[in-house]
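Please read the structure below before turning to the comments.
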2 protein chains.
Amino acid sequence: MPSKRPTLFFLLFPFLLSISLSFPTPVNSSRTLSLHKSKLHFDDQSLTLLWPLPAQYTFGNHTLTVDPNLSLVLSGNGGASGIVKEAFQRYKDLIFKHSSKVPSTSRVVYDIQKLSIIVQSDNEELQLGVDESYSLLVGKNDEHSIIGEATIEANSVYGALRGLETLSQLCVFDYGAKTVLVSKAPWFIQDKPRFEYRGLSLDTSRHYYPIDVIKQVIESMSYAKLNVLHWHIIDEESFPLEVPRYPKLWKGAYSKWERYTVEDAQEIVSYAKMRGINVMAEVDVPGHAESWGKGYPDLWPSPSCTEPLDISKNFTFDVISGILAGMREIFPFKFFHLGGDEVNTDCWNSTPHVKQWLQDHNMTVKDGYQYFVLKAQEIALSLNWTPVNWEETFNTFPSKLNPQTVVHNWLGPGVCPKAVAKGFRCIFSNQGVWYLDHLDVPWNETYYAEPLEGIKDASEQRLVLGGEVCMWSETADTSDVQQTIWPRAAAAAERLWSDREATSAPDTKLSALNRLEYFRCLLNRRGVAAAPVRNQYARRPPVGPGSCYDQ
Amino acid sequence: MPSKRPTLFFLLFPFLLSISLSFPTPVNSSRTLSLHKSKLHFDDQSLTLLWPLPAQYTFGNHTLTVDPNLSLVLSGNGGASGIVKEAFQRYKDLIFKHSSKVPSTSRVVYDIQKLSIIVQSDNEELQLGVDESYSLLVGKNDEHSIIGEATIEANSVYGALRGLETLSQLCVFDYGAKTVLVSKAPWFIQDKPRFEYRGLSLDTSRHYYPIDVIKQVIESMSYAKLNVLHWHIIDEESFPLEVPRYPKLWKGAYSKWERYTVEDAQEIVSYAKMRGINVMAEVDVPGHAESWGKGYPDLWPSPSCTEPLDISKNFTFDVISGILAGMREIFPFKFFHLGGDEVNTDCWNSTPHVKQWLQDHNMTVKDGYQYFVLKAQEIALSLNWTPVNWEETFNTFPSKLNPQTVVHNWLGPGVCPKAVAKGFRCIFSNQGVWYLDHLDVPWNETYYAEPLEGIKDASEQRLVLGGEVCMWSETADTSDVQQTIWPRAAAAAERLWSDREATSAPDTKLSALNRLEYFRCLLNRRGVAAAPVRNQYARRPPVGPGSCYDQ
């Protein structure tokens, strides 16, 4: 759905521009400047240290102090929102990590004592396409100004969350003054995302991540304004999720402790929602499902053919229905990922009863693959879910797929152009640039990857929902997942949030690098183990002593 | 100071043993059993999954349920302790991470509904040698029992913290029953540390760690019952700490954001104290101090001789006095580390005014080194600090050192035997086994390193205060510090806490490995990025998919 612009700012904007005469002249900037790399590049006041870059912004040259006892005035139809109130407290803790401890001098009068947040809608339903736009003003409150010192206006609570993140990035602790400052005020920011789907996938089958770790990942996603956690819960290696209708399935967990209860999964969804992040679950069929048979060996064609799932038994589809019906109660997101990738059907042909069933139904194994995928799609559709499939399903039988199907690219470039040309929606995850376990991809290749590459027609461009960076866990676990995700996930996050023009010209590379190094250090300051930006291989330790801002 | 045993348990112990007839017969075990490694080794009920191993413990074969609304009854002279109350809440959050979300069935009666903590002393001063002993009982509350369901008794609040950690490790969430269970009850544990100094050093000069990250390190230390954070704040690369008396010193920080205010440092100390962890600060002189001259170039002998500090100027010692006087207000720990390692005095001789000064005072450069170290010791002593020095000072002029000096071993084995033979106290940090940045040291070499190696005489053994694993940060930063520290720091932590006999025989290796793998996964469950135990090199990612408990 197209973003509706917030109203108050829209109405006030001419007025704000006229009163801005009482402020230093704002500098219009839809692009940051190219800078020569130097030790002191962060002292360059012309650099906008925001990540991802807002759609539109102007700034001035005043420095404002921010009260550690910043108060919140929340209004509009969404004025009672617990989501916004909790987020305000979280961001307050982040912003005033230092200065809240400094004994306040009673005489100090801070420039910014109050944050006004106006939320137009009281509808807190989180879905793809929810309005994430916001306006943010940070200016000195004086007699010339009719609006507050810091004001966020948004149509939805989720837009307000994005505005809070931006505000938190403008607020920087000054170690000299021991005060939080906003430089280059006044700021006028009008922002909204370029793509509605900005995802990160997490694979909890190759390694199990404790719920605290998944929460850490979600929290850090919110700092980069990502909005979909694609939870690749199950794969051939392990089945960690509780399925009440088929309780033996989580016998496929690695151990009795590497499991997620239904309540755990609900808590993940709820925690993510508080941060404006959707959770898209995946059940990958018919391949990548060997672990299912640990609890129910009947799901295997035979003990020597443990993948793909046995197409010949009703039980197989009963189990899929049971899993999805249970998950429907956990995952309100409108998309559900059914996998469908890397299906090697060889051993269907070498398992007598499966081969017989295929013959009886006049199917080749390829027909069987199609039959299985479409049958799984029907189950998801019957639960009011829009199916997402990895691109192999589209590559193999595009005309048979349900037209609602979202094609999830991964194998390489050029798939989304084909998918949208046939009217399908598409998610871009080209493994050459957006698979985070590919450690030899430097930040700038991730950054300049363009989801709309090769798509000219505007109506086709609209079918590209966005993209997703993928965190496969063969060699990632709790010990190294965050530094494998960050900072490259942030590079993709800006690609997906910010205007194409502002982030695509080659001459932006240096300023983008500077800002990304700054954002990586911001993640570190918030306790996130983001790795150095310029290491030759991702997630490698720093090569020697030095500043976070220069690695 | 020797630990005094808690009294109530001591008095009750014969009675407890007699009522234990109403429990299954406790299995006496001062050692865990050797086990054949297998996929299911953690299901072996004979394995005690505690880390570090308590001094004495008995267990039975009952399984008890624990109420997610566990209540605290705190009594004794320390019955009003905020430290214990806060710790109880922290541990409750850790223990009931899962089960608190499961809707409670009103009919369930839990075996353990209450935790009684009896703290004998209301003295909350934290120092080296504070009594960390505790007794812990976890048993079913029935008519035969006169004491509560779970009881911790300790002489000090810090013993109570150690008991809470042990209790939290006994409490395991059962995913089937969705309840926290204590297996092998009843447990009777009498525990106290083998060494009073159980340290981890953190170097915030080669890379800066944000305060949130230092807090994460401290929190994880408490899980392994470590009790000293040796904060190597400053080195030649950067000077991040604010020094009010010499405010230009933190110009030596890497950037204006890679700094610690006095309030930050105070908060670190306070946060650590809440977890029973002392903070020992270090100011390493006269070498390792180049960064001081960024703010005060006069501290450099010359622009081309920037290390060691200029011995010829009173200003140098004024600055050291000013730094230490400021730090005395932050760090109440009775030890202060003055470094003194790796001092290359060559350029003193090539700097005319320094050479002249040495000649005037009839000193060689080696004499100058001694003069500098001793003068710094005097400053520390005058501030009521006991000086700690790296072993080079002892190796070079043992008879001149203040007899209170604590010798900090690092270069290799055999130093503590020499130091204690001369009556000095010693801290063991042999770099071959306890330097965590040595990535090629496997867990078992860290584990079997013995601080008392080569020391036979009991009175000399008592002069070994303990040991410390060192986390130098040339290639460690926020992105990889926790997985460089863990799990090997835990191996050292058990060496320092648990009885030598229980942890030293070669046939303990398999059970120690199993328990360490379990503890590493416990760290992961608590959100700590501890690395796989059995990787060829420390902090490397897992080599392939698999269970946390088998890596």
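The values are calculated or read from the model by the stated rules, or taken from the named source; none is laboratory data. Just so it is clear, the structure is predicted and the values come from calculations on it, not from any experiment. Here the Cβ is made from the backbone with ideal geometry for all residues, glycine too, and neighbour counts use every protein chain on show. To get the accessible areas, we keep the full protein, side chains included, count just its heavy atoms, and leave off ligands, DNA and RNA. Shrake-Rupley method; radii C 1.70, N 1.55, O 1.52, S 1.80 Å.
What about residue A:364, is it open to solvent by 60 Å² or more (accessible area, probe 1.4 Å) and farther than 20 Å from residue A:280 by Cβ?
On the way: open to solvent by 60 Å² or more (accessible area, probe 1.4 Å): yes; farther than 20 Å from residue A:280 by Cβ: yes.
Judged against the criteria, residue A:364 is a match.
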**Request:** Look at region B:245-272 and say how many of its residues are open to solvent by 40 Å² or more (accessible area, probe 1.4 Å), closer than 17 Å to residue A:98 by Cα and more than 9 Å from chain A (Cβ to nearest Cβ).
**Result:** 2
**Fill in**
When restricted to B:320, B:218, the only residue in contact with a strand residue (DSSP E or B) (Cβ under 7 Å, 6 or more places away or on another chain) and of a type in the set (A, V, I, L, M) is B:218
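Report, by residue number, each residue of region B:162-192 that is in a loop (DSSP other than H, G, I, E, B), in contact with a strand residue (DSSP E or B) (Cβ under 8 Å, 6 or more places away or on another chain) and open to solvent by 10 Å² or more (accessible area, probe 1.4 Å). First the steps, then the outcome.
Our first condition is that a residue be in a loop (DSSP other than H, G, I, E, B); within region B:162-192, this holds for B:175-178, B:186, B:192.
Then keep just the ones that are in contact with a strand residue (DSSP E or B) (Cβ under 8 Å, 6 or more places away or on another chain); that gives B:177, B:186, B:192.
Once the filter is applied, which keeps residues that are in a loop (DSSP other than H, G, I, E, B), in contact with a strand residue (DSSP E or B) (Cβ under 8 Å, 6 or more places away or on another chain) and open to solvent by 10 Å² or more (accessible area, probe 1.4 Å), region B:162-192 yields B:177, B:192.
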**Fill in**
Of the conditions (1) surrounded by 24 or more Cβ atoms within 10 Å (Cβ to Cβ); (2) within 14 Å of chain A (Cβ to nearest Cβ), the single one that residue B:437 does not satisfy is (1)
**Asked** Among B:287, B:276, B:322, which is the only one that is in contact (Cβ under 8 Å) with a residue 12 or more places away in the chain, more than 13 Å from every other protein chain (Cβ to nearest Cβ) and surrounded by 24 or more Cβ atoms within 10 Å (Cβ to Cβ)?
**Response** B:276
**Message:** All but one of (1) away from every other protein chain (no Cβ under 11 Å); (2) over 30 Å from residue A:416 (Cα atoms); (3) open to solvent by 10 Å² or more (accessible area, probe 1.4 Å) hold for residue A:458; state the number of the condition that does not hold.
**Reply:** (2)
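Criterion first (on the phi < 0 side of the Ramachandran plot and either open to solvent by 10 Å² or more (accessible area, probe 1.4 Å) or at the interface with chain B (Cβ under 8 Å from one of its Cβ atoms) (or both)) does residue A:470 satisfy it? Write out each step before concluding.
Values: on the phi < 0 side of the Ramachandran plot: yes; either open to solvent by 10 Å² or more (accessible area, probe 1.4 Å) or at the interface with chain B (Cβ under 8 Å from one of its Cβ atoms) (or both): no.
Criteria not met by residue A:470.
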**Asked** Looking at (1) touching a strand residue (DSSP E or B) at 6+ places or on another chain (Cβ under 8 Å); (2) facing chain A (nearest Cβ under 9 Å), can you tell me which one residue B:483 breaks?
**Response** (1)
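Could you say which residue among A:489, A:476, A:529, A:505 is within 14 Å of chain B (Cβ to nearest Cβ), aliphatic (A, V, I, L, M) and open to solvent by 10 Å² or more (accessible area, probe 1.4 Å)? Walk me through how you get there before you give the answer.
Values: A:489 fails: open to solvent by 10 Å² or more (accessible area, probe 1.4 Å); A:476 fails: open to solvent by 10 Å² or more (accessible area, probe 1.4 Å); A:505 fails: within 14 Å of chain B (Cβ to nearest Cβ).
Going through A:489, A:476, A:529, A:505 in turn, the sole match is A:529.
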**Complete:** Checked B:495, B:540 against criteria (more than 12 Å from every other protein chain (Cβ to nearest Cβ) and either more than 26 Å from residue B:91 (Cβ to Cβ) or of a type in the set (D, E, K, R) (or both)); the one match is B:495
**Request:** Give the residue, chosen from A:199, A:159, that is more than 12 Å from every other protein chain (Cβ to nearest Cβ), of a type in the set (Gly, Ala, Ser), surrounded by 20 or more Cβ atoms within 10 Å (Cβ to Cβ) and assigned to a strand (DSSP E or B).
**Result:** A:199
**Item:** Extreme residue, farthest from residue A:527 (Cα to Cα), among residues of region B:219-241 that are within 14 Å of chain A (Cβ to nearest Cβ), out of contact with any His (no Cβ under 9 Å at 6 or more places or on another chain) and surrounded by 22 or more Cβ atoms within 10 Å (Cβ to Cβ)
**Value:** B:239
**Item:** Index of the failed condition, residue A:465 passing every other in (1) surrounded by 20 or more Cβ atoms within 10 Å (Cβ to Cβ); (2) assigned to a helix (DSSP H, G or I)
**Value:** (2)
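Does residue A:350 meet the test of being open to solvent by 40 Å² or more (accessible area, probe 1.4 Å), more than 23 Å from residue A:200 (Cβ to Cβ), touching a residue at least 24 places away in the same chain (Cβ under 8 Å) and more than 25 Å from the chain's Cα centre (by Cα)? Reasoning before the result, please.
Working: open to solvent by 40 Å² or more (accessible area, probe 1.4 Å): yes; more than 23 Å from residue A:200 (Cβ to Cβ): yes; touching a residue at least 24 places away in the same chain (Cβ under 8 Å): yes; more than 25 Å from the chain's Cα centre (by Cα): yes.
So residue A:350 fits the description; yes.
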**Message:** Looking only at helices (runs of 4 or more DSSP H) that lie completely in region A:292-380, which have at least 1 residues being under 30 Å from residue A:426 (Cα atoms)?
**Reply:** A:314-328, A:346-349
**Message:** Out of B:516, B:510, B:523, I need the residue that is open to solvent by 10 Å² or more (accessible area, probe 1.4 Å), closer than 29 Å to residue B:55 by Cβ and of a type outside the set (S, T, N, Q). Which one?
**Reply:** B:510
